[in-house]
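The next block holds one structure in the form of structure tokens; read it before the comments.
What follows draws every value from the coordinates through simple rules; no lab data is involved. These numbers were taken from a predicted model, which means no experiment stands behind them. In this analysis, Cβ positions are derived from the backbone assuming ideal geometry, glycine residues included, and neighbour counts consider all displayed protein chains.
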Amino acid sequence: MKRTFFYLLFLFLTSCGFSPIYENTKTNDLTILINNMEGNSEMNNLIKNQIKLYSTNKSEDKFYLNIKSDLNKSVISKTSSGTASNYEIYVRAEFEINYKEKKDKFNYEERFNIKNISDSFKQKNYEDVIKSNFASSIRKKLILKLLSMK
């Protein structure tokens with residue numbers, strides 16, 4: 001009786017029809033060309049480098065991008081002596097995509113709160129890691145958007 005139950009369970013689970021959404025798409029088969037970049041040059045370069053890692057020149061699907069980014073670092077709270085104790089790093093990236101006859105415009109925002117570190121070298125390295133993570137996250141969202149336009 002138990003064997004029959006397991007065979008039936010196995011049969012139902014293997015033939016349920018599940019398949020990942022992007023299983024059949026060739027995700028590395030995109031050519032992404034950047035026409036124009038405006039705004040914060042540091043963030044633009046990070047996003048551009050992330051896109052270059054993903055893009056290939058062999059594809060017939062060519063996406064043309066215009067990028068505009070803003071990067072802000074603002075003080076959230078201060079100590080009693082007046083020095084900043086917490087910061088917020090905010091990134092907004094706006095993309096304008098031209099693909100075949102389609103045009104689309106959208107933006108992504110990322111925020112992260114950080115504590116002030118007394119060592120300025122460690123603080124700068126930590127902020128650079130956060131900015132790099134923002135660029136990676138924005139690239140992932142951008143690629144999903146491009147794949148949905150195909």
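In this label model, LEU33 and SER137 are separated by 3.2 nm, measuring between points 7 Å along each Cα→Cβ vector. Here r is the Cβ-Cβ distance between ILE130 and VAL75 and R0 is 25 Å; the resulting FRET efficiency, rounded to 0.05, is 0.95.
Need the full-extension length gain, GLU60 to MET149, defined as separation in residues times 0.36 nm minus the C-alpha distance. One decimal, nm.
Details: separation 89, 0.36 × 89 = 32.04 nm, distance 1.41 nm.
So the chain would gain 30.6 nm between GLU60 and MET149.
Let me check I've understood the local charge: for ASN36, count other residues with C-beta under 15 angstrom from its C-beta, Lys and Arg +1, Asp and Glu -1. What total comes out? Walk me through the numbers before you get to the answer.
Values: positive: LYS48, LYS68, LYS103, LYS105; negative: GLU38, GLU94, GLU96.
Residues close to ASN36 contribute a combined charge of +1.
The length gained by stretching the chain between SER41 and PHE10 to full extension, at 0.36 nm per residue less their Cα-Cα distance, is 5.7 nm. Summing Lys and Arg as +1 and Asp and Glu as -1 over all other residues whose Cβ lies under 11 Å from the Cβ of LEU71 gives a net charge of -1.
Give me the net charge for the shell around GLU88: Cβ to Cβ below 14 angstrom, other residues only, Lys and Arg +1, Asp and Glu -1.
On the way: positive: LYS73, LYS78, ARG92, ARG111, LYS115, LYS131; negative: ASP70, GLU109, GLU110, GLU127.
Residues near GLU88 contribute +2 overall.
Note on segment 22-150: percent of Cα-Cα distances in each 10 Å bin, starting at 0 and stopping at the bin with the largest distance, equals 12, 39, 27, 14, 7, 1.
Only helices enter this figure: runs of n ≥ 4 DSSP H residues, each worth -39500 (n - 2.57), summed and divided by the residues of the chain, yield -13000 deg cm²/dmol at 222 nm to the nearest 500. Couplings 3J(HN,Hα) for segment 117-132, derived from phi with the Karplus relation 6.51 cos²θ - 1.76 cosθ + 1.60 (θ = phi - 60°), are 9, 5, 7, 5, 5, 5, 4, 5, 4, 4, 5, 5, 5, 5, 5, 5 Hz, where x marks Gly and Pro.
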